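Notes follow the structure.
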Amino acid sequence: MADGADKIEHHGTGHRARLRKQLFEQQGEGLHDHELVEYLLALAIPRRDTKQIAKDLIARYGSLSALLTADADSIMREKWMGETSVAALKIVQVAALRLLSAPVREMPILSSWQALLDYLRADMAHLTIERVRTLYLNSKNMLIRDEIASEGSVDQAAIYTREVIRRAMDLGAAAIILVHNHPSGDSSPSRQDIAMTRDIADAGQKFGITVHDHIIIGKDGFSSMRSAGLI
């Protein structure tokens, strides 16, 4: 049911005031994930008690991060959720990613590695399809472009060596970092991942383009092929 059916009276006004007080006075310390969602939804659908809706959403998706990164159409199919309420969740995701990506965009990538990993995990760890991204860097290892190279099915996405190297040359990139996620949750590289990465690294070397790393993101964490000695 969409947001327009939110005319039912509820008794959550005092509870919302307590959440707001905790937010202001304690910067949200101690608030549960469902309470954060509850307050967000209260801003979008103020005439409905959103506590149980929030609890149901967290139970359905498993965590706050999984909920925020879930597909908007998927969330909109949940009871009482419509465009306005889903937008309230999605604007928080966009703002969080903007904050996390700031060091990545403003500092040399290799000196802000942890910030890069935090950003990538926040953006990709809970995706239900496989996404491949290529980060193109200049000679000072500053980010030139962060592009989605492909999106695939639940367990496979295609990336083509020639397209990656050609794009790097078009952008004048000196180095690239490959990134993709494993929807299964296991971040271990497959034999196909390793072979594809080595092909790109070999092709890039001929044109003076370095592959710094291939990072695989999963719900269990991440894997670095460079750290594992695979490239």
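Listed options for log10 I(q)/I(0) by the Debye sum over Cα atoms at q = 0.09, 0.15, 0.16 Å⁻¹ are (i) -0.37, -1.00, -1.12; (ii) -0.47, -0.98, -1.06; (iii) -0.40, -1.09, -1.22. The value calculated from this structure is the one marked (ii).
Summarising the label geometry, the points placed 7 Å from Cα in the beta-carbon direction at I91 and D33 lie 2.3 nm from one another. Checked against a 24 Å cut-off, the cross-linked pairs K51/K90; K79/K219; K51/K79 give Cα-Cα distances beyond that limit for K79/K219. Modelled spin-label separation between K206 and M107, with each label point placed 7 Å from Cα along the Cα-to-Cβ direction: 3.7 nm.
In straight-distance terms, cross-link reach from K21 covers every one of the aspartates and glutamates whose alpha-carbon lies under 14 Å from its own, apart from those fewer than eight places away in the same chain; here that gives E29, E35.
Within region 53-121, which chymotrypsin sites (Phe, Trp or Tyr not before Pro) sit in a loop by DSSP and count at most 16 neighbouring Cβ atoms inside 10 Å? Listed in order of number, the matching sites amount to none. Straight-line cross-link partners of K206 among the lysines, defined as a Cα under 20 Å from its Cα and at least 8 positions apart when in the same chain: K140.
Provide the FRET efficiency to the nearest 0.05 for the R145-S184 pair, computing r from the beta carbons and using R0 = 22 Å. Working from the Cβ atoms, E equals 0.20. In the context of the full set of protein chains, the chain has a per residue accessible area of 54 Å² (1.4 Å probe). Relative to the longest principal axis of the Cα atoms of the chain, helix 161-171 runs at roughly 80 degrees.
Under 5 Å from the amide H of D213 lie the amide H atoms of L178, each residue being 5 or more positions distant or on a separate chain, with H modelled from the backbone and absent for Pro and chain starts. Count the DSSP beta bridges whose two residues both fall in the chain, then state the antiparallel fraction as a percent rounded to the nearest 5. Roughly 70 percent of the beta bridges in the chain run antiparallel, per DSSP.
The fraction of accessible area contributed by carbon and sulfur in the chain is 52 percent, rounded to a whole number (1.4 Å probe; ligands and nucleic acids excluded). In the chain, the longest principal axis of the Cα atoms and the axis of helix 83-106 are about 40 degrees apart.
Looking at the chain as a GNM with Cα springs under 10 Å, which of A54, A195, A66 has the largest mean-square fluctuation? Looking only at A54, A195, A66, the largest GNM fluctuation is found for A195. Relative to the longest principal Cα axis of the chain, at what angle does helix 13-26 sit, 0 to 90 degrees, rounded to 10? Rounded to the nearest ten degrees, it is 50.
Per residue of the chain, the DSSP helices (runs of n ≥ 4 H) give a summed -39500 (n - 2.57) that works out to -15000 deg cm²/dmol at 222 nm.
The values are calculated or read from the model by the stated rules, or taken from the named source; none is laboratory data. Values in this document were obtained by computation on a predicted structure and should not be read as measured data. A quick note on method: Cβ atoms are made from the backbone with ideal geometry, for glycine too, and the neighbour counts reach across all protein chains shown. For the accessible areas, the whole protein counts, side chains as well, though only heavy atoms, and no ligand, DNA or RNA atoms are used. Shrake-Rupley method; radii C 1.70, N 1.55, O 1.52, S 1.80 Å.
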